[in-house]
């Protein structure tokens, strides 16, 4: 198994994306609050630095642990076969050509009604 597949399996990319989005949102909100309370510039620099430093332990934590219905477990203790979702019997997705036909049909009707 390649490194990329292992990172996907352990949800490292998902955790990294969530951390970056939440950090960005936190910086935006705290930036507004800091300017409202006239906080010194070093306060925002410290917050951004702490968030940047916290990124690495967060990634390492997401690599080592898995979130299960029973709580956090070490990745080596998780049985992957019991974690797989059951196959759902949904009907197959319609093809793109079906959507193209629907759009063509509705635009054709609109042209006929306008004429």
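Would you please list the contacts, defined by Cβ atoms under 9 Å and residues six or more apart or on different chains, that run from a residue in segment 51-77 that is at pLDDT 75 or above to a residue that is part of a strand (DSSP E or B)?
64/74; 65/72; 65/73; 65/74; 66/72; 66/73; 66/74
For residue 39, state whether it is without any contact (Cβ under 8 Å) to a residue 60 or more places away in the chain, more than 21 Å from the chain's Cα centre (by Cα) and either closer than 18 Å to residue 65 by Cβ or surrounded by 11 or more Cβ atoms within 10 Å (Cβ to Cβ) (or both).
yes
The values are calculated or read from the model by the stated rules, or taken from the named source; none is laboratory data. Please read all numbers here as calculations on a predicted model, not as lab measurements. We place every Cβ from the backbone using ideal geometry, glycine too, and count neighbours over all the protein chains shown.
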